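The values are calculated or read from the model by the stated rules, or taken from the named source; none is laboratory data. These numbers come from a predicted model, not from an experiment. So basically every Cβ, Gly included, is an ideal-geometry build from the backbone, and we count neighbours across all protein chains shown.
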There are 4 protein chains.
Amino acid sequence: MSGSTFGNIFKITTWGESHGRGLGVVIDGCPAGIPLCEEDIQRDMDRRKPGQSRYTTQRSEADKIEIMSGVFEGKTTGTPISLMVLNTDQRSRDYSAICDVYRPGHADYGFETKYGFRDYRGGGRSSARETLARVAAGAVARKILAELNIKVDAYTVSINEIEIDRNNFDLAERFNNPVVMPDKAAAENAQALLDTAIKNLDSVGGVIECCVTGLPAGIGEPVFDKLDASLGRAIFSIGAVKGVEFGLGFEAAKIYGSQNNDNFTFKDGKVEKLTNNSGGILGGISDGSELILRAAFKPTPSIAQPQKTVNSKNENIEIEIKGRHDPIVVPRAVIVVEAMTAITLVDLLLMNMSAKMDNIKKFYN
Amino acid sequence: MSGSTFGNIFKITTWGESHGRGLGVVIDGCPAGIPLCEEDIQRDMDRRKPGQSRYTTQRSEADKIEIMSGVFEGKTTGTPISLMVLNTDQRSRDYSAICDVYRPGHADYGFETKYGFRDYRGGGRSSARETLARVAAGAVARKILAELNIKVDAYTVSINEIEIDRNNFDLAERFNNPVVMPDKAAAENAQALLDTAIKNLDSVGGVIECCVTGLPAGIGEPVFDKLDASLGRAIFSIGAVKGVEFGLGFEAAKIYGSQNNDNFTFKDGKVEKLTNNSGGILGGISDGSELILRAAFKPTPSIAQPQKTVNSKNENIEIEIKGRHDPIVVPRAVIVVEAMTAITLVDLLLMNMSAKMDNIKKFYN
Amino acid sequence: MSGSTFGNIFKITTWGESHGRGLGVVIDGCPAGIPLCEEDIQRDMDRRKPGQSRYTTQRSEADKIEIMSGVFEGKTTGTPISLMVLNTDQRSRDYSAICDVYRPGHADYGFETKYGFRDYRGGGRSSARETLARVAAGAVARKILAELNIKVDAYTVSINEIEIDRNNFDLAERFNNPVVMPDKAAAENAQALLDTAIKNLDSVGGVIECCVTGLPAGIGEPVFDKLDASLGRAIFSIGAVKGVEFGLGFEAAKIYGSQNNDNFTFKDGKVEKLTNNSGGILGGISDGSELILRAAFKPTPSIAQPQKTVNSKNENIEIEIKGRHDPIVVPRAVIVVEAMTAITLVDLLLMNMSAKMDNIKKFYN
Amino acid sequence: MSGSTFGNIFKITTWGESHGRGLGVVIDGCPAGIPLCEEDIQRDMDRRKPGQSRYTTQRSEADKIEIMSGVFEGKTTGTPISLMVLNTDQRSRDYSAICDVYRPGHADYGFETKYGFRDYRGGGRSSARETLARVAAGAVARKILAELNIKVDAYTVSINEIEIDRNNFDLAERFNNPVVMPDKAAAENAQALLDTAIKNLDSVGGVIECCVTGLPAGIGEPVFDKLDASLGRAIFSIGAVKGVEFGLGFEAAKIYGSQNNDNFTFKDGKVEKLTNNSGGILGGISDGSELILRAAFKPTPSIAQPQKTVNSKNENIEIEIKGRHDPIVVPRAVIVVEAMTAITLVDLLLMNMSAKMDNIKKFYN
């Protein structure tokens, strides 16, 4: 499994398991001279932290980030930035109920087949806790984007059948409700639905949208490191994501070219698009409009209802998964989507710098 | 733009433009000892070739593949396999209508911004003709999969509003109609819809599904080279794709965990799933079931209706894109989806070989 | 600086600075099922640790390794192995003498030019202390090699003008003297030479040889990841190395083909070479003989003699570098050479597993 | 063998065999806007071409380069540049003498072991003819360096025991003699020595030096993509190289720190070194001085003297290698060393552009 590194120039490598000593990330290729302190990162960590509402696991973790290297006198030095969180609540549990069982909807069977055995404590490496390291790296990427006036904002657009009303869209509202919806009424309906699901020992899924503003045109490296291909990989690498789309997405397959094409216009001294069905990407390269992506998350696989499965002795059995599980992953995944988007964009922004010989000459002369 | 290489062990690098001298691919890391001849590859090339129906461009290209290296005495040698197609129909046209215009829905504006100028002949590198090289590499990947009894089959599941009826599903039927649908009735309706669209100087989109059988459990490298993350990148790197999903995909976000989880059972000497909502992937690793993915393609952006846009002098103008354009990319993209899927799977199958120390010891002892 | 990752399948990423909070490495792609504990690694760390003789810095560091992830129930899990050493002796010093001065022979000027500023405490990332992380990763690589009966042994063959006598060669002897020479008499002469150098406030260089036994033929990936090319990069990445050679090395350029070619013979059921001038590598691929490489290390650049240099105000000044510096890097670099060799070999051994289709079929059937 | 790609941003992938249809290279990541035509490349190809003197093979190849993609209206477009040479003199020979024999000093045995069989015609992929593709890519890299006023010059410094006299050094002279020596007298002595060797059916080796002027300080990416580590890999990847050194190289191991350290001085408005023992590299980063490297080439392994070896039936036999072989590889390898150096430098120059946040902000604002 040498799949734990992401990026070409701005490169992150994550490590750690749910119930091991801790989790972390090494960021290699971060430019020098960026002011960075632990608070900059902790802010994002706190958005992912468990225990913030009745819809997230009650596991008690401070998720306190520590900068182990790469920062000197308050600024990044250009050398690898090592970030770490120690696990504190590795509650001594009895794992006998799951240690030799393949939990439905989980990675257990794949890991066991691939590696011959697995760290069964809370899913080990396949736990959603793994995304903590991505959020830490994302916070650093967002510092870079901020210096370039690029903003990345994600939010929940639907939970099960409850969708936001685009007419009520209010980005600021997302931080006022535990389901991170930018629509107060929808958020209330979603909470009611979640409360019922919890009562039914069930879990639900939802869709997160991510919007990037300020991204210049020209970003993305055809043909395999296109902007959408890179983001597609980034977002699908987040556990529980089953679908990704850009702009109109699957809807685009149902309309005509004359409806889908965004016309260009020159206005106020610059080229713009009259519509943004493309979601800011044409031919794998940013087109100067807002970048829009959506990711579909499946319901949390851990549910307390009885489920049929198999144990390592190949016996057909029934299990009920008890424990501290989120009935929905979406609210805590919002910052993860932002993080992976930011990391991908920084890498592609750096790659783009060598696209033109003129720029290289200017740089070195 | 160093984004033209894909893969870690089985690595492909593509080159070429729509109206340049030709296009090709170098496959590095192909195992030695696989029987390979040009016919093996030509078969797939012919499925992508233009001019096969009234729904594809009438550009006349034989797309004849040539093996330039890497094969000796009819077998792959383990050294790079260079495959090439020379362009024959580079019809001398008048490009004055588009050479300084940003065509709506195309990559023109992004390329121009990124590189300072662009090869405007037929879109240059951003032409769908670029996928020819992927199909050639895919044919080699499919030879490897065939030796492992893994099959990759794609087909059209919808064109605009016309969807196949799953009750009439007949895989063999897809090769009997020009829209590559595994449902005769739907294929006829789709053709009627396309005929109307052509009359209206319009274009349409659609959805392709790809199904892989025979894939063993354990394939995929968490956390960034997961099976779905790798395939996500691969499929989104195909031009015109706006959405990708696995298994239930976006539907999974609308149902409950108790509905979405696939239960396991031990039957006939092996672990199986009772349903396959996961589309064959759990935690980024294959689970032994059929792998199912779907990709949404937008309508072809080149349409002959008048559209508003901007030229390089920043004048607001109107254009009508004449020329030999497919009114839909979906039918010819089916083999491209198969190719990218096959290439991705071969790479991950090879990466998986070093997952367990036991296997490495067996190999070297 | 995204140059802190090494390897393709067995991939290491190092981090940390001389006087930061600590140093470490993430090993991604380590096969599952290898017994591993901290003692396995500490053994190698202790060979690199400062303060073991009067020829090494008196900085007091236990260099205690901690396994942070990737090991469960005493075995590697296939997930990233994070290893860390916390710095304990970050003696509060006065850096005013060097913080704005380019020390001759050091990386100060390059770092300052590249990044705009630098961590001047003990050289920061450019300190030889950085190699600690390589030794930790090397210890894991050596566990894998041990399971394949491959041994990697390095030792000092010369210090300044003192060379070992090949007739007195005794590998075991290297651990009996502080200069790690496999020749008792040479080791004594070298120590006398070092004592004089120390008295003269000077430093010396030397040559390390590394010998690998048990390596099967066929390892190395032409044309850019050849065995010698990969090792060449690995060894030159160690600070202070100014030359690398394989087999006869530079001597080969001075003799005739008839003298240099190693003839083959079939003996005792296998193909062997009658001589080993090639150092075990032909055409970038191992030939089944012992692999032999040598690395030339320059004298430690930190010396207490007065030297001319420039400060950040561009004033020409004179400095004397005080502090706890090794008068020679060679003895502590021996284990670093072994580590980088082992890491490189493991990666190439894993890459070789997909060279033949027959093996892949056997693996998956 | 997925080892045929080199570079991170400026990335080359080579293909082709000695007696296949041709050889070539795909350059991905070449910046847009560089004037480029076939003559630019052919100039370097001609320096490597066989048949130029009595010391090179008499195989008759024009080695005519063709640009297949990536150039439009005389300038690079930023898309992959595919370069190709078709083999013309694949003289139909009788290979029965070598097809099942392991030639001493050649890669035959390694290839056979690794891949199960091999292309025995002229060594196949392991032929020195493979370097043709590197020279083509190098010519493109040199165009980029030229725009940055960086010059790469290599020349022969010794052939067997004949060394150039540094007092007679005259760079221009290297193109006046067939051994590419920058010293007329030494060149004559070397030719006499070669004539004798040819008469004796023997071959000789030699040393090439490469000197880079104009390289700015700050180039190289610690800790594994250091300037010397990257060049070390690049040069060792050339067939027949057995040793590489920078600056004083192996000599540095024999002198004292006080002798080896280069002092800095501020002069004429810039920081300079008073000596250049480092060969222009400190801590893996360029220090603004001339970059100096040397590579030791072994004698050509193909000699017509009888040699002992083994055939594929494991019989001990004797062979005499007839055919059109260079008695020395050095003169034709000079341009290959320049090419690999240039390719490496361009890649590192591009990587360096994202080292400082200030530069990135300037670029995007």
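A few remarks follow.
- Scanning the range B:266-281 for residues that are surrounded by fewer than 16 Cβ atoms within 10 Å (Cβ to Cβ) and either within 8 Å of another protein chain (Cβ to nearest Cβ) or among the aliphatic types (A, V, I, L, M) (or both) gives a single hit, B:Leu274.
- Residue in the range C:131-138 that is under 19 Å from C:Val244 (Cα atoms) and within 14 Å of chain D (Cβ to nearest Cβ) present: yes
- Of the listed requirements (1) touching a Phe, Trp or Tyr at 6+ places or on another chain (Cβ under 8 Å); (2) under 27 Å from B:Leu345 (Cα atoms); (3) of a type in the set (S, T, N, Q), B:Ser230 misses just one: (1).
- Count of residues meeting criterion [of a type in the set (Lys, Arg) and in contact with a helix residue (DSSP H, G or I) (Cβ under 8 Å, 6 or more places away or on another chain)] in the range C:94-124: 2
- Spans of strands (runs of 3 or more DSSP E) in the range D:3-97 with at least 1 residues more than 19 Å from the chain's Cα centre (by Cα): D:22-28, D:81-86
- Pair list, Cβ < 6 Å and 6+ apart or interchain, from the range C:229-245 residues that are farther than 15 Å from D:Glu221 by Cα and within 7 Å of chain D (Cβ to nearest Cβ) to residues that are hydrophobic (A, V, I, L, M, F, W, C) and not in a helix (DSSP H, G or I): C:Gly232/C:Val244; C:Lys242/C:Ala296; C:Lys242/D:Phe246; C:Gly243/C:Ala296; C:Val244/C:Ala295; C:Val244/D:Val244
- Number of residues in the range B:266-292 that are acidic (Asp, Glu), under 19 Å from A:Gln307 (Cβ atoms) and touching a residue at least 40 places away in the same chain (Cβ under 8 Å) equals 1.
- Of all residues in the range B:338-348 being away from chain A (no Cβ under 12 Å) and within 30 Å of C:Val140 (Cα to Cα), the one that is farthest from the chain's Cα centre (by Cα): B:Val346
- Among the conditions (1) among the β-branched types (Val, Ile, Thr); (2) touching a Leu at 6+ places or on another chain (Cβ under 8 Å); (3) surrounded by fewer than 20 Cβ atoms within 10 Å (Cβ to Cβ), the only one that A:Thr76 does not satisfy is (3).
- Per the listing B:Ile198, B:Ile150, B:Ile208, B:Ile144, the residue uniquely within 14 Å of chain A (Cβ to nearest Cβ), hydrophobic (A, V, I, L, M, F, W, C) and over 16 Å from the mean Cα position of the chain (by Cα) is B:Ile198.
- Residue match in the range A:44-65 (condition: surrounded by fewer than 20 Cβ atoms within 10 Å (Cβ to Cβ), within 12 Å of another protein chain (Cβ to nearest Cβ) and in contact with an Asp or Glu (Cβ under 8 Å, 6 or more places away or on another chain)): no
- With respect to being crowded, with 24+ Cβ neighbours inside 10 Å, among the aliphatic types (A, V, I, L, M) and either touching a residue at least 40 places away in the same chain (Cβ under 8 Å) or at the interface with chain B (Cβ under 7 Å from one of its Cβ atoms) (or both), A:Ala217 falls outside the description.
- Reported count of residues in the range B:44-85, each being touching a Phe, Trp or Tyr at 6+ places or on another chain (Cβ under 8 Å) and at pLDDT below 90, is 0.
- Residue list for the range C:191-207, filter: out of contact with any Pro (no Cβ under 9 Å at 6 or more places or on another chain) and either crowded, with 24+ Cβ neighbours inside 10 Å or closer than 19 Å to C:Ala296 by Cβ (or both): C:Leu193, C:Val207
Conditions tested, residue by residue: (1) farther than 23 Å from A:Asp28 by Cβ; (2) surrounded by 24 or more Cβ atoms within 10 Å (Cβ to Cβ); (3) in contact with a Pro (Cβ under 9 Å, 6 or more places away or on another chain).
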position	(1), (2), (3)
D:Gly283	no, yes, yes
D:Ser286	no, yes, yes
D:Glu290	yes, no, no
D:Leu293	yes, yes, no
D:Ile303	yes, yes, yes
D:Val330	yes, yes, no
D:Thr341	yes, yes, no
D:Met351	no, yes, no
D:Tyr364	no, no, yes
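- Every pair of residues 6+ apart whose Cβ atoms lie under 9 Å, when the first sits in the range B:293-313 and is facing chain A (nearest Cβ under 8 Å) and under 19 Å from B:Arg118 (Cβ atoms) while the second is among the hydroxyl-bearing types (Ser, Thr, Tyr) and assigned to a strand (DSSP E or B): B:Thr309/A:Thr265; B:Val310/A:Thr265
- Any hit, the range B:314-337, residues being farther than 27 Å from B:Arg134 by Cα, within 26 Å of the chain's Cα centre (by Cα) and small (Gly, Ala, Ser): no
- Among the candidates D:Tyr102, D:Tyr109, the residue that is more than 24 Å from D:Thr56 (Cα to Cα) and either surrounded by fewer than 19 Cβ atoms within 10 Å (Cβ to Cβ) or among the aromatic types (Phe, Trp, Tyr) (or both) is uniquely D:Tyr109.
- C:Leu83 meets the stated requirement of being touching a helix residue (DSSP H, G or I) at 6+ places or on another chain (Cβ under 7 Å), over 23 Å from C:Ile321 (Cβ atoms) and within 14 Å of chain A (Cβ to nearest Cβ).
- Residue count, the range D:3-43 (criterion: among the charged types (D, E, K, R), without any contact (Cβ under 8 Å) to a residue 60 or more places away in the chain and buried (at least 24 other Cβ atoms within 10 Å of the Cβ)): 1
- Residues in the range D:147-172 that are over 30 Å from D:Pro35 (Cβ atoms) and either charged (D, E, K, R) or part of a strand (DSSP E or B) (or both): D:Thr156, D:Val157, D:Ser158, D:Ile159, D:Glu161, D:Ile162, D:Glu163, D:Asp165, D:Arg166, D:Asp170.
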